[in-house]
Amino acid sequence: MELINIKGVNKRYKNGVTAIYDLNIRIKKGDFVFVIGGSGSGKSTLIKMLYREEKPTSGQIVIGGINVAKLRNSKVYKLRRRLGIVFQDYRLLPKLTVYENVAFTLEVIGTKKSEIKRRTLKAIELVGLKAKTRNYPDQLSGGEQQRVAIARAIVNSPKLLICDEPTGNLDPDMSMEIVKVLDNINKTTGTTIIMATHDKDIVNKMKKRVLVLKDGRLVRDYEKGKYDNEAI
Ligand code: ADP
């Protein structure tokens, strides 16, 4: 089954820069996909269009039956509830504990308290942070903080987890741990994962699907790829 269908997408920013040219990508449910490319190749633009931070200038982006490109601004929250998003810089709330950071999203949408507890503890366990449930972000390493951000992103059981350079601030060991956490989530829950990255070691070790962007165009699409320096 297909989760994402990107058809003929172009993105031109107001200043006249075209960031994406005629992009066509299909992604199956349960896939784990890396998006790689040099700086300015369009990775962030693609990622932002998936969660409707940016709109395509033309073309279609269908995610789980929703045409994201056409979605009204007033309906964007519905899309976001079905997605999990992880950024390079964690974006945790410093005055809340690990538990509270993860539970927050569910509280906002009015989930029952018993359900919040069950789901929050499950997500924290899935990222291997059970022992730190009551800690605050500043008592955690960068890798642990990113794991909290991942738990927060999956607490609502999203169909799609979007990760924009999630290991960008981490050393190689911690980066590998984070990707193993993501791989485990992908395998145990079937959540589809799209991850934009510069991290060669990770891409080479994981042997997942690799999409290569260059100057706004998809130039390679490998089934079990590597970090293709020559294509970039
Ligand atoms: P990457 O994430 O691969 O570094 P981006 O998607 O950020 O690439 O950028 C692709 C191109 O679009 C670049 O030329 C960049 O300067 C341009 N760009 C990105 N964001 C904007 C914006 N908000 N306004 C205008 N141009 C932008």
(message) For the stretch 14-87, which trypsin sites (Lys or Arg not before Pro) pass both filters: DSSP loop (anything but H, G, I, E, B) and at most 13 other C-beta atoms within 10 Å?
(response) Lys14, Lys70, Arg72
(request) Measure nothing but the geometry: give the 0 to 90° angle between the long axis through the Cα atoms of 172-189 and the longest principal axis through the Cα atoms of the chain, rounded to 10°. (result) 90 degrees
(message) Ignoring everything except DSSP H segments at least 4 long, calculate the 222 nm mean residue ellipticity for the chain; use -39,500 (n - 2.57) per segment, divide by total residues, nearest 500.
(response) -10000 deg cm²/dmol
(request) Take every Cα pair under 8 Å in the chain that's 6+ residues apart, average their separations, divide by the length, and report that relative contact order as a whole percent. (result) 27 percent
(request) Name the lysines eligible as straight-distance cross-link partners of Lys205: C-alpha to C-alpha under 20 Å, and not fewer than 8 places from it in the same chain. (result) Lys180, Lys187, Lys224, Lys226
(message) Below 14 angstrom from the Cβ of Lys95, what's the summed charge of the other residues (Lys, Arg +1; Asp, Glu -1)?
(response) 0
(request) Pull out a ≥ b ≥ c, the square roots of the eigenvalues of the alpha-carbon gyration tensor of the stretch 140-217, then state rounded if a/c is under 1.5, prolate if not and a/b is larger than b/c, and oblate in the remaining case. (result) oblate
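Taken together, the values in this text are just the output of simple stated rules run on the coordinates, not laboratory data. Please read these numbers as outputs of a predicted model, since none were measured by experiment. FYI the Cβ positions are ideal-geometry reconstructions off the backbone, even for glycines, and counts take in every protein chain you see.
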